[in-house]
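Written out below as structure tokens is the structure these notes cover.
The values are calculated or read from the model by the stated rules, or taken from the named source; none is laboratory data. For clarity, every value in this text was computed on a predicted model and none was experimentally measured. Please note: Cβ atoms are built from the backbone with ideal geometry, for glycine as well, and neighbour counts cover all protein chains shown.
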Amino acid sequence: MQRRDFMKLTAAALTAGAFSGYMPRALASAGGNSGMDAKAFHASRRFLQTPFGRIAYVERGTGDVALFLHGFPLNSFQWRGALDRLSPYRRCIAPDFMALGYTEVAEGQSVAPDAQVAMLIAFLDALAIPKVDLVANDSGGAVAQLFVTRHADRVRTLLLTNCDTEHESPPAAMKPVIAMSHEGTYVDKWLVPWLANKTLARSAQGFGGMCFADPRDPTDEAIDCYFTPLVSTPHRKALVHAYAIALEHNPLEGIGAALRRCAVPTRIVWGMDDTIFSPAGAEYLDHTMGHSLGVRRVTNAKLFYPEERPDLIAEEARRLWHMA
């Protein structure tokens, strides 16, 4: 499938209302993603023992595998709405990265992006999964780029949303987080207060205002699900700090040549109101990826719009999987 053909089919589908039920809403309301609630999500969590630790993950559906990579400081709960919508078409698997979510990291294990890629390969091998469709957001997008350039034979398609790029990794907004992480204070200064005061977390000065378009997001249960494990012990706090510090020295430096050689069909879907990653990141990926199928620019969408707009993610994923 050539880019021009993909774009023609995309335009025709939007006009005709193809993939009924998966067309994007103007803006999802809080809790409006219609995904599993936290209770159901916790109940469905599984653990897989690997040399990297016990990797927490959620799985739905059957068939070819789609692997969902979440952002920082989130976990696989970010993808609940997309998993609900896409599980009729793929075996959808959303793991928690090492240091985030509910994964239990092996003693002394690095949690840097390189190690996350190695963990994912071990994870897929343990499940006897040869190939995946990758869907990624935020720092998960950096891991996805490393994954696809090192293990292209394991990737059918790549769907990238707002994320690190070679020239914006880490983004400027991460610098205070990294500085606090060096001091060992980030979790206590930001995450602990946000967990205790959900209104603060959703404020313009909080996590919600920074990363979500709807002022009612993230929901109370999402905040609890994301931050409770991260603040639970001094060890977990240290792992969060290690994750942030590992992003300090650009993990994507020099990746451009490998991306240009990459033949994996890639679609970029970018929230245009993101204050963390600039629109230039979408243009860079579109012009650099060896088999880019173009960019969809999404208004009223910030960094973590995949959580608020799962219909849009499902629409783009299904079209990419069908056309690639």
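Results for (1) more than 27 Å from residue 111 (Cα to Cα); (2) assigned to a helix (DSSP H, G or I); (3) among the basic types (Lys, Arg), shown as yes or no for each residue.
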{"residue": "242", "(1), (2), (3)": "no, yes, no"}
{"residue": "247", "(1), (2), (3)": "no, no, no"}
{"residue": "251", "(1), (2), (3)": "no, no, no"}
{"residue": "268", "(1), (2), (3)": "no, no, no"}
{"residue": "274", "(1), (2), (3)": "no, no, no"}
{"residue": "278", "(1), (2), (3)": "no, no, no"}
{"residue": "311", "(1), (2), (3)": "yes, yes, no"}
{"residue": "320", "(1), (2), (3)": "yes, yes, no"}
Which one of the conditions (1) of a type outside the set (S, T, N, Q); (2) at pLDDT 60 or above; (3) over 20 Å from the mean Cα position of the chain (by Cα) does residue 41 fail to meet, given that it meets all the rest? (3)
Could you please find all residues in the stretch 39-91 being buried (at least 22 other Cβ atoms within 10 Å of the Cβ), among the aromatic types (Phe, Trp, Tyr) and part of a helix (DSSP H, G or I)? 77, 79
Within the set of pairs 6+ apart or on separate chains, which have a first residue in the stretch 155-184 that is under 25 Å from residue 312 (Cα atoms), a second that is surrounded by 24 or more Cβ atoms within 10 Å (Cβ to Cβ) and basic (Lys, Arg), and C-beta atoms under 8 Å apart? 157/267; 158/267; 159/267; 160/267
Selection from the stretch 223-232 of residues that are hydrophobic (A, V, I, L, M, F, W, C), touching a residue at least 40 places away in the same chain (Cβ under 8 Å) and not in a loop (DSSP other than H, G, I, E, B): 225, 227
Evaluation of residue 168 against (1) touching a helix residue (DSSP H, G or I) at 6+ places or on another chain (Cβ under 9 Å); (2) surrounded by 14 or more Cβ atoms within 10 Å (Cβ to Cβ); (3) within 30 Å of residue 44 (Cβ to Cβ) (one fails), failing number: (3)
Residue, nearest to residue 131 (Cα to Cα), within the stretch 235-281, restricted to residues that are of a type outside the set (Lys, Arg) and without any contact (Cβ under 8 Å) to a residue 40 or more places away in the chain: 257
Matching entry among 238, 280 (being aliphatic (A, V, I, L, M), more than 23 Å from residue 101 (Cβ to Cβ) and modelled with pLDDT of 95 or more): 280
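Residue-by-condition table, conditions (1) in contact with a Pro (Cβ under 6 Å, 6 or more places away or on another chain); (2) of a type in the set (Asp, Glu); (3) crowded, with 22+ Cβ neighbours inside 10 Å:
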| site | (1), (2), (3) |
| --- | --- |
| 98 | no, no, yes |
| 103 | no, no, yes |
| 116 | no, no, yes |
| 127 | no, no, no |
| 143 | yes, no, yes |
Checked 114, 133 against criteria (part of a strand (DSSP E or B), among the charged types (D, E, K, R), touching a residue at least 24 places away in the same chain (Cβ under 8 Å) and within 22 Å of residue 266 (Cα to Cα)); the one match is 133
